[in-house]
Amino acid sequence: MRVACFLFPHFVVQVEVRDNGSLKGRPIIIGGLPHERKVVYDASKEALSCGVRQNMPLREAYALCPQGVFLPLDEGKYANAFSASLILLANCSPVVEAGTPGTAFMDLSYECHEFQFVEEVRQIIEKRLQLHPLTSIAPNKFVAWAASRVARPGQVIVINERGGRDFLKDLPVCFLPASSRTLERLELLGIHRMGQLASLSLAAVSLEFGNEGKRLWELSNGIDSSTLIPWSKAPMLEEQICFEPAAKTIGQVSAGGDELLIRLSQRLKERWQCCLRLTISMHFSNDHIAQRVVHFKEATSCKETMLRHFRQYLEKTRFTASVSEMRLTMTGLCPENGKQTLFLDEPLKHRERLASTINWLRQRYGEGVVGKVLVKPNNPLPEDSFSFTEFDL
Amino acid sequence: MSKLFKEAIRLEVAEGVQHEPAAFLYKGRRERVRETLKQWRVVQGWWRRPVEREYFQVRTESDTIYDLYRNLFTGVWYLQRIYD
Amino acid sequence: MESYVELHCHSNFSLLDGASHPEDLVSQAAYLKMPALALTDHNGLYAAIRFYKACLKANIKHIIGAEMTLANGNHITLLAKNSEGYSNLCRLITEAQLKHSKGSPAINLETLARYSAHLICLSGCRKGEIVGLIISGRTEKACELVEQYIEIFGRENFYIELQNNLYPEDKHLCCALVKLAESLNLGYVATNNVHYARKKNHRLHDVLTCIRDRTTLDECTSLRLNSEFHLKSCEEMAQLFREYPCAISNTLAIAEQCNVNLDFSGYRFPEFLLPPGETAEEYLAALCWQKVHDRYDNVSPELESKINHELNLIEKLGLSGYFLIVWDIMDYARRNGIPAQGRGSAANSVVAYILGITSVDPLKHKLFLGRFLNEEMSSIPDIDIDVSTNHRERLIQYVYEKYGQAHTAMVCTYVTFQARNAIREVGKVLGMPDYLLDRMARSVAAYGAEDIEQDLAGIEEFSPYLKSVPWQEFTSLCREIYDFPRHLSIHNGGMLVSSCPLAEVVPLEKATMPGRIVCQWDKDSVADAGLIKVDLLGLRMLSLIHEACELVEKNHNTKLILNQLPLDDAKVYDMICRGDTIGVFQVESRAQMQTLPQIKPRSIEDLTIEVALIRPGPLQGNMVHPYIRRRRGLEKVTYLHVKLKPIVEDTLGVLLFQEQVIQVASVIASFTPGEADSLRRAMSRKRSKDAMNEMRQKFIDGAKKNGIEAGLADRIFEALEGFAEYGFCKSHAAGFALLCYQSAWLKHYYPAEFYCALLNNQPMGFYSPEVIVRDAKRHGIDVLPADINKSSIRCTTEGGKIRLGLVYIKEMGEKNMSRIVAEREKAPYHSLEDFYLRTRLERKLVENLILADAFDAFDDQKRQLLWQLGLLEKKSPGELPLEFGDIKVTLPDFTDIEAMKADYEVQGLSTKYHPMQVLRKNMSRDGWRRSSELARLPSNSRVRIAGYVIIRQKPATAKGFAFMTLEDEHGMVNVVVDPLVYQKYRQVFRLEPLVVVEGTIQKRDGQLNIIADALLPLRAAREKRHAEYESPPVCPD
C-alpha cells in the first residue's frame, strides 16, 4: 500500500490567519474569551512560546499571555475548511481518509508517479486553500503520519515500501499512540527511540506491555495494517446485495441482511462511530420498491441490535414478490460513546479503562473531544448552573 | 417548574424609590408588580467577569411569578426566570 | 444618636474563614464609631489577647466570645459577661476541642449546661439549629428547643439572633424569628455575621474559602452569595432592621453587660513540691550550697558573695519556684542521659550553673548577670533549654506527668502566609499556571508578602505579566493575605505550666501530633497575658553529638565523655582554622568559613567570639573587619574611652555581646542594671524612634555627669545602637562555642560516626545531604548506596564507611521500611523476585529502590530488574515463578547522566557522581577551569568556572551584594556577586542548580573569591534530546 499523509500543523490557527491576515504573527489563542471556563483548543506559535498549551484553561492562558488574541471556537468554520481540503483531495484520489481535524490520508496505491502527484496536490492546496500541509508518502498510515510530523514545510518525504522501520528508528517513542504510563516506563527502561523498541522481541514486549505493547512494537517496526477508511462527503454508509436468483424466502433475505449488517457494523467500528438510522430498501422482481427507515432509540454500532430490528421489519412486511436486490444504508452517524463500546479487551479496572478509552478517543479525534458535563444546581448565578469541561484523567 | 433564561432578557422596568420594580414590559405586555416575594443580592465572579445583581422575585397582577434582576453596575434590568 | 455593636464577628483567626486581622476589625469598628465590638471566632479564643490590646488602643470596649459548633453541626454564639464567664467559655472550648477529633470540635447540650454560667448566648447564624427548624417549617420544635436554651442560660441571657445578609430567605426568616421570640417573651438582637472588616475584603474571603476547600475560584461551590458580611454602620444596620428597632438597641444592652479582664499574671507558677516545712527560697539556697562543690573545687569569698547576691535577687523577684522547676527538669534530663543545656542569658547566672541548668562557668567566662536578672525587671526572664531533638519528647512527657495534664500545655504558633506560600496558594486559587507560580515563589526575595509586586516586577521575566489585570489582582490579594494565620502548629518548645487548671485561662486543643495538647495562644499572647512558659527547644546538634558518641562506643568500644574533653586540642583548632567546618555547629556558614582562616581561633574563648562575631548584628555595625584587623595585628587596639577598656578588652575593643551594652551603659552613663537592660530591650527588634531618642538623651546626660563630653557619648551610643539589634549574648555564645568544639572534635577524630549522625539528623545546618555526602568523601569516608540486605532505616556505619539508610529513598514510609527490615531478619533476600513476593511493596517503591542501587548486590543490570519488575507485577500471588529464562531482552545501560538523574530523583543525592563530573564529559570547551586549578592562578585572572550551587545568599546586611558557593567534583569556590550583576542575573542566581560563572579571581588575606561579572545557567545536553521535535533547542549560552 502507498499512503500520503497531509498534516496541517495547528490547523485552526492556519484557518483563522488565512481568514484574517491581520492576525499573522500575533499570539492567537483559540477556544474562547479569557473569562470563559473553557480550554485552549489551539494556539499560534507566538502564543505557544509564552507557555500556552492545548487544553490549558483559558484563564491560565490569559495569565501566561495577557497580550494574546483570544478567539472563540468556530467549529463550523474549521469543519468547513477541513471538508474543503478533503473535497479537494477526494477530487484527486478515490480513497481519502479524514483523520483528526487537520490530518488527511490519501491512498496512492494506483499512482505511478506518486511524488509528482503529491507535490502537485500539495501545491494545489496551498494555492487554492492557502493552507500549508506537511506532506509525506509512506507504505502505511502510521509511517506516513510520523513522516509528516517531522517533514519541513514545502518538502515531501518519501519512504519506500521497506523503509518504514528504518525511517522510524530514530524517532522518539512519544510518537507512538501509547498511554502515558507506558511512555514513562519506556523512558525508565532506556527505550527512547522507536528503533530500540523495534529491536526487542515481540514476545518479550507482549509479556511486558500486553496487547498495547504488541501494537506499539508493530508500529515501531513500521507495520500498520489498518486500512484507509474512505471519507465521503455525505455522512452515510451503504452496502447492497443482489440475489441471483431472486430470494424467495424470508430466510434467504434475512441471511443476506445478516451479511450486509456484518459489513456495515464492521465499517462503523473502524470509524469509531454509531448510527441513528438504518434504511432498508428492497427491490422486488416485479420492479416494486419498498423502503423503510428504522430509527434507533440510541445510536448503535451493534450488529445484533440492528439485525433484530431488521428481522422485525421482515416479519411485518408482506412480500408480494421475490427480492432481487437489497440495500442497507446507515445515516445519522455519530461518535460512539463509552457506554456502548469497550475499546480495549484487556481486563482493566474501571478507571483505567476509562482512561485508556479517552486516550484512544483523543488520539483518534484530537484533543477536546472528550468532555464532562458539570451540573451545579446551587450555583448562585442561574446561568452557570451547568458547564462543559475537559475530561481530566 | 420554571423557565430559566440562560441568557437573561433585557427588560424595561419602572422602579420605585428604593430601586424596587413596580412594573415592567414583557413580550409587549405591561406587568404590574403586586408584591415582592423575595429579594437578594448576588456578588460573584469578581476574578473573571464581575457580576453584581439585585434580584427580586415578584408576583405580578397577572398572578405570575418572575425572577428579575438589576445589574448594579449599569442599572439595567433583566428577566431571569418565569415560574409556571 | 443611636448606636450599634457588632456581636458576631470573625477575625482571620477563624482560620481560612475570617478575612481581616483583629486589629483591622477594631480600627474599622472605631471608624464606624461602635462603642464596643465582640470577637467570636470559631471554637476558639486564638486572637483574644491581640483583640484586647487593639481594643485598648482604639478605646473600644472588648467583648470576648466564640461561635461554637454543636454536636449536631449547628452553630451558636457565646459571649462572656465577666471573668467567670470567660473561664467557662475557655472550658467549653477546651471540652469541644479535646473530646472530638482534631479539626472538628463540638459540644453537646449537657456540657453547655455545665459551664453556662455568666455567658450570654445568641441563637446563631444561618447554620443555627433554630433557624434550621424554622426553615423546615417546624416551629413547634423550634419553640421546644428555645425553651431548652432558656433553661440552660436563663431567659435574660438568651437572645434570638437576627441576620440579614441579603440572602433570598433572610427577610422571612427574621420575621419568623421575631415572632418566635415574642411568643416566648425573649429578647432578639441583630448581628451581621461579620467575616471581614470592609466590603472590599470579600474577595479575600472567597480566596480563603477556596484555600480551605482546596479548590479554585472557578470550581468552588461554597462561596458566599454576596459581599454583605462586613462590619456595617449603625445606619446600615438600622435600615436593614428598620422593622425591628429593638434588635439594634439590644446590641448595646448586651455590650454593657460584658466586662472581662484579661490579665493573668496572678496565676503564675504551680507550687514546686517541697519537703514539708520548707519554702522555695530556703530549698533553692540549700540546693545551691549543696551542689556548689560539684562545679567549683573551692568556694572563694567572691563566689560566695556572688551566689548570695543572686539568691537574694531571685527571692526578691519571686522566681525561686521557677528556678526549682527548671532545675527539676534538667535534673531529670541528667539522670536519664538526655542531652540538654540551658541557653541564652540564663548562662550568666552562677546559680543556674551550679544547679546544672547551664554548662558554662560564668566566672571563668566573666559573664555578666545583669543581662539575665536585675532588680528592676519588668518581665520574667526566660530560661530556655536546648534539648536533643530526638529526646525532647521524653522531657515533655515528664513535665506533663509531673504537673498534670490539666496544668500543662504546649504554646502554639501560627503558620502564617508569607511571600512564598501566598504566591503559591493565592495563585492556585486564581487558576494561575503552576510553573509560573513555582518560579515566582522561588525567585521572590522578600519574605513578607507585602512587597511581592515590587519585588517581582524587578525581574524581567515576570514584569510583562504583572501589568495585566489578573496578575494585578493576584499581587493585591497576596498583599492582603500577608501575615494571615493559615494553621495552628506547635511552638518549637514553649511549655505553659500554671497553678490553676489551664483550661480556665486559655482554651486548649489537640495538636496534629497524637496525644499532644496545645493552648490556643502563641508565645506573644502568652507573654502579654502575663503567663510564664518554659522553653524546651529541640536542638539537633545535641542529638547528633549523642548519636555520634553512641556510634563511637559501638564501633570503637570507647566511651566518650565530651564534657570532660580538654578544650585545647591543636588538631581540632587546625581543622577549624582551615575552614573545614561543614557540619560543625555554628561555624559552617559561608561567612564563617571565610573568616575562620583570618581570625584563627585557638581557644574556646576565641570560638565564643567567632560564634558571636559572624552574625548580622556585628556585620551591620561594621564590627567584623576592625576585629579581624586587630586580631591579625594590622590595626592597633583602641578604645573610645578608657573606661571601656575592661569591658571590651577581651574583644579587642570591639562591642560584640549584649552584656557589653549593659555594662557600657552602666559604666559610662551610670545606668542602673534595670535601665541598662531596658536600653538593650529598646534596641531590640521592635524599636521605636521616640523610645530610642529618650534613651539617647538619658545616656548622654548620664555620661556628662561622669565627665564624658556629649560628642563622645553620642559616638559610644551609636556604636551600641549599631549592632545591639542582632547581637548575641555572651553566655549564649559561650554555650554554643562548647557545642561547636565538641562537634569539631568528633568530625576530626571520628569522621565516619560524625557524618553518619549528621546524615541521620537532617535537616540541620546550612548544607543539604548531598553536600554532606561529598564532604564526607573528601575526608576519605565513603558513602555507600542503600542496599536491601544491608541498609537499616537510618544511615549506619559499616567498617569505616557509611551506608545510606532506607529513609533517604523517596516515598518509602515508616511502615514499608519496617516491613523490609523485618522480612530480611527472617532470611536475606536473594533476588528481586524473592524481595517482591515477600514484601509486596507497591511497584513505584520497588522501582525507587532499584534506581537507588539497592539491588546492585544481585549483579543484575538495573534496567533488567526494572523489566523483571514489570513482569512480576502482572503475576498474582501464589502463582509459580515465571520463567524469564527463555525471553531475553537487551536494554541499554543507564548512562552516567541518567544514573545521576535517577539518584537525585529518588534520593535527592548521589553517592557515585558529582553533577559536574558527569556533565564535564559533555563540555569540550576550553578555558573552563576546575576549582582545584584556581589556587595556582594569579589574582585578577579572568576565569570561567561551572559548578553546582550549594549555597546562595543575599544577606540584608551586605548592601546588595550576593554570595554563592559553587562546588565541582574537586572542591568548592566562593563567588561574590555585586549588586549590578545580581540585578542582571538574579533569576540564574536564585533558580539555577548548575551555574557557569565568568569573573575575576580575587585573592586577599588567604581567601580566594571569584568576583562574578556574569552568571549563566548550565543546561545539560540531555535536555535537548527530544527538543528538536517540540520546541527550538535552548542553547546554554
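The values are calculated or read from the model by the stated rules, or taken from the named source; none is laboratory data. On a predicted model such as this, the values are computed, not experimentally measured, just so you know. Heads up, the Cβs are rebuilt from the backbone with ideal geometry, glycines too, and the neighbour counts pull from every protein chain shown.
Determine if the range C:527-548 includes at least one residue that is touching a Leu at 6+ places or on another chain (Cβ under 7 Å), surrounded by fewer than 22 Cβ atoms within 10 Å (Cβ to Cβ) and either aromatic (Phe, Trp, Tyr) or closer than 30 Å to C:ASP263 by Cβ (or both).
Taking every residue of the range C:527-548 in turn, at least one turns out to be touching a Leu at 6+ places or on another chain (Cβ under 7 Å), surrounded by fewer than 22 Cβ atoms within 10 Å (Cβ to Cβ) and either aromatic (Phe, Trp, Tyr) or closer than 30 Å to C:ASP263 by Cβ (or both).
Please work out which residue is nearest to the chain's Cα centre (by Cα), limiting yourself to the range A:166-180 and to residues that are more than 10 Å from every other protein chain (Cβ to nearest Cβ), buried (at least 18 other Cβ atoms within 10 Å of the Cβ) and part of a helix (DSSP H, G or I).
Ranking the candidates gives A:LEU168 first.
Look through A:LEU219, A:LEU183, A:LEU228 and report the one residue that is more than 11 Å from chain C (Cβ to nearest Cβ), free of Cβ contacts under 8 Å to residues at least 24 places away in the same chain and among the aliphatic types (A, V, I, L, M). Step through it out loud before you land on a result.
Working: A:LEU219 fails: free of Cβ contacts under 8 Å to residues at least 24 places away in the same chain; A:LEU228 fails: free of Cβ contacts under 8 Å to residues at least 24 places away in the same chain.
Answer to the selection: A:LEU183.
Wholly within the range A:69-138, which strands (runs of 3 or more DSSP E) include no fewer than the required count, namely at least 3 residues that are at pLDDT 90 or above and of a type outside the set (Val, Ile, Thr)?
Strands (runs of 3 or more DSSP E) meeting the threshold: A:103-107, A:134-138.
Which residue pairs have Cβ atoms under 9 Å apart, sit 6 or more places apart or on different chains, and have a first residue in the range B:14-37 that is of a type in the set (S, T, N, Q) and a second that is surrounded by 13 or more Cβ atoms within 10 Å (Cβ to Cβ)?
From residues that are of a type in the set (S, T, N, Q), the pairs are B:THR36/B:GLU20; B:THR36/B:PRO21; B:THR36/B:PHE56; B:THR36/B:GLN57; B:THR36/B:VAL58; B:THR36/B:ARG59.
Answer yes if at least one residue in the range A:283-304 is crowded, with 17+ Cβ neighbours inside 10 Å and at pLDDT 90 or above, and no otherwise.
No, the conditions are met nowhere in the range A:283-304.
Mind listing whichever residues of the range C:124-151 are within 14 Å of another protein chain (Cβ to nearest Cβ) and among the basic types (Lys, Arg)?
Within the range C:124-151, just C:ARG126 meets the criteria.
Quick check on my filter: what residues within the range A:322-337 are loosely packed, with under 14 Cβ neighbours inside 10 Å and either at pLDDT 90 or above or part of a loop (DSSP other than H, G, I, E, B) (or both)?
Here is the first cut: in the range A:322-337, the ones loosely packed, with under 14 Cβ neighbours inside 10 Å are A:334, A:337.
If the condition is that a residue be loosely packed, with under 14 Cβ neighbours inside 10 Å and either at pLDDT 90 or above or part of a loop (DSSP other than H, G, I, E, B) (or both), then A:ASN337 is the only one that fits.
Suppose the filter is surrounded by 15 or more Cβ atoms within 10 Å (Cβ to Cβ), in a helix (DSSP H, G or I), at negative phi and modelled with pLDDT of 90 or more; does C:LEU871 pass it?
The answer is no for C:LEU871.
Which one of A:TRP145, A:TRP231 is in contact with a Leu (Cβ under 6 Å, 6 or more places away or on another chain), more than 22 Å from C:GLY870 (Cβ to Cβ) and not small (Gly, Ala, Ser)? Let's see the steps before the verdict.
Values: A:TRP145 fails: in contact with a Leu (Cβ under 6 Å, 6 or more places away or on another chain).
Sole residue among the options that is in contact with a Leu (Cβ under 6 Å, 6 or more places away or on another chain), more than 22 Å from C:GLY870 (Cβ to Cβ) and not small (Gly, Ala, Ser): A:TRP231.
Results for (1) buried (at least 19 other Cβ atoms within 10 Å of the Cβ); (2) over 22 Å from C:PRO433 (Cα atoms); (3) among the polar types (S, T, N, Q); (4) within 14 Å of chain A (Cβ to nearest Cβ), shown as yes or no for each residue.
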| residue | (1), (2), (3), (4) |
| --- | --- |
| C:SER476 | no, no, yes, no |
| C:ARG486 | yes, yes, no, no |
| C:SER489 | no, yes, yes, no |
| C:GLY493 | yes, yes, no, no |
| C:CYS500 | no, yes, no, no |
| C:VAL506 | yes, yes, no, no |
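Do we have C:GLU833 as closer than 17 Å to A:GLU187 by Cβ, among the acidic types (Asp, Glu), in contact (Cβ under 8 Å) with a residue 12 or more places away in the chain and part of a helix (DSSP H, G or I) here?
Judged against the criteria, C:GLU833 is not a match.
Condition first: of a type outside the set (Lys, Arg) and either free of Cβ contacts under 8 Å to residues at least 12 places away in the same chain or not in a helix (DSSP H, G or I) (or both). Now tell me which residues in the range A:253-281 satisfy that.
Scanning the range A:253-281 gives A:ALA255, A:GLN266, A:TRP272, A:GLN273, A:CYS274, A:CYS275, A:LEU276, A:LEU278, A:THR279, A:ILE280, A:SER281.
Which one of C:ALA1012, C:ALA1020 is modelled with pLDDT under 50, more than 14 Å from every other protein chain (Cβ to nearest Cβ), touching a helix residue (DSSP H, G or I) at 6+ places or on another chain (Cβ under 6 Å) and buried (at least 16 other Cβ atoms within 10 Å of the Cβ)?
C:ALA1020
Can you spot a residue in the range C:907-914 that is modelled with pLDDT under 90, part of a loop (DSSP other than H, G, I, E, B) and surrounded by fewer than 13 Cβ atoms within 10 Å (Cβ to Cβ)?
Within the range C:907-914, not a single residue is modelled with pLDDT under 90, part of a loop (DSSP other than H, G, I, E, B) and surrounded by fewer than 13 Cβ atoms within 10 Å (Cβ to Cβ).
I'd like to check which helices (runs of 4 or more DSSP H) are fully inside the range C:518-603 and have at least 2 residues that are among the aromatic types (Phe, Trp, Tyr), touching a strand residue (DSSP E or B) at 6+ places or on another chain (Cβ under 7 Å) and under 30 Å from C:TYR400 (Cα atoms). Spell out how you get there, then give the answer.
Numbers: elements: C:523-528, C:540-556, C:570-578, C:590-599.
Once the helices (runs of 4 or more DSSP H) in the range C:518-603 are filtered for at least 2 residues that are among the aromatic types (Phe, Trp, Tyr), touching a strand residue (DSSP E or B) at 6+ places or on another chain (Cβ under 7 Å) and under 30 Å from C:TYR400 (Cα atoms), nothing remains.
What are the residues in the range C:537-566 that are of a type in the set (A, V, I, L, M, F, W, C), in contact with a helix residue (DSSP H, G or I) (Cβ under 6 Å, 6 or more places away or on another chain) and at pLDDT 90 or above, if any?
C:MET541, C:LEU544, C:ILE545, C:ALA548, C:LEU551, C:VAL552
In the range C:103-119, is there at least one residue being closer than 19 Å to C:ASN192 by Cα and either of a type in the set (Val, Ile, Thr) or at pLDDT 95 or above (or both)? Steps first, answer last, please.
As a first pass, look at the range C:103-119 and keep what is closer than 19 Å to C:ASN192 by Cα: none.
No, the range C:103-119 contains no residue that is closer than 19 Å to C:ASN192 by Cα and either of a type in the set (Val, Ile, Thr) or at pLDDT 95 or above (or both).
List the pairs whose first member sits in the range C:196-209 and is closer than 11 Å to C:PHE484 by Cβ and within 9 Å of chain B (Cβ to nearest Cβ), whose second member is among the aromatic types (Phe, Trp, Tyr) and surrounded by fewer than 21 Cβ atoms within 10 Å (Cβ to Cβ), and whose Cβ atoms are under 7 Å apart, counting only residues at least 6 apart or on separate chains?
none
So which pairs qualify, if the first residue must be in the range C:448-470 and on the phi < 0 side of the Ramachandran plot and facing chain A (nearest Cβ under 10 Å), the second must be of a type outside the set (A, V, I, L, M, F, W, C) and assigned to a helix (DSSP H, G or I), the Cβ gap must be under 8 Å, and the two must be at least 6 apart or on different chains?
C:LEU466/C:GLU453; C:LEU466/C:GLN472; C:LEU466/C:THR475; C:SER468/A:TYR62; C:PRO470/A:ARG59; C:PRO470/A:TYR62
Which numbered condition trips up A:ALA203, out of (1) closer than 29 Å to A:ARG2 by Cβ; (2) within 12 Å of chain C (Cβ to nearest Cβ)?
Among (1) closer than 29 Å to A:ARG2 by Cβ; (2) within 12 Å of chain C (Cβ to nearest Cβ), A:ALA203 violates only (1).
So which of C:ASN185, C:ASN261, C:ASN201 is of a type outside the set (Val, Ile, Thr), farther than 25 Å from C:ILE135 by Cα and assigned to a loop (DSSP other than H, G, I, E, B)?
Going through C:ASN185, C:ASN261, C:ASN201 in turn, the sole match is C:ASN261.
Give me a count of the residues in the range B:1-28 that are β-branched (Val, Ile, Thr) and within 14 Å of chain A (Cβ to nearest Cβ).
The total comes to 1.
What's the total number of residues in the range C:152-174 that are touching a residue at least 40 places away in the same chain (Cβ under 8 Å) and within 12 Å of chain B (Cβ to nearest Cβ)?
Counting residues in the range C:152-174 that are touching a residue at least 40 places away in the same chain (Cβ under 8 Å) and within 12 Å of chain B (Cβ to nearest Cβ) gives 5.
If you check A:PRO66 against the conditions, is it within 22 Å of C:LEU217 (Cβ to Cβ), buried (at least 18 other Cβ atoms within 10 Å of the Cβ) and without any contact (Cβ under 8 Å) to a residue 12 or more places away in the chain? Before the answer, list the steps.
On the way: within 22 Å of C:LEU217 (Cβ to Cβ): yes; buried (at least 18 other Cβ atoms within 10 Å of the Cβ): yes; without any contact (Cβ under 8 Å) to a residue 12 or more places away in the chain: yes.
In short, yes.
Could you check C:LYS826 against (1) crowded, with 20+ Cβ neighbours inside 10 Å; (2) out of contact with any helix residue (DSSP H, G or I) (no Cβ under 6 Å at 6 or more places or on another chain) and say which number it fails?
Answer for C:LYS826: the failing condition is (1).
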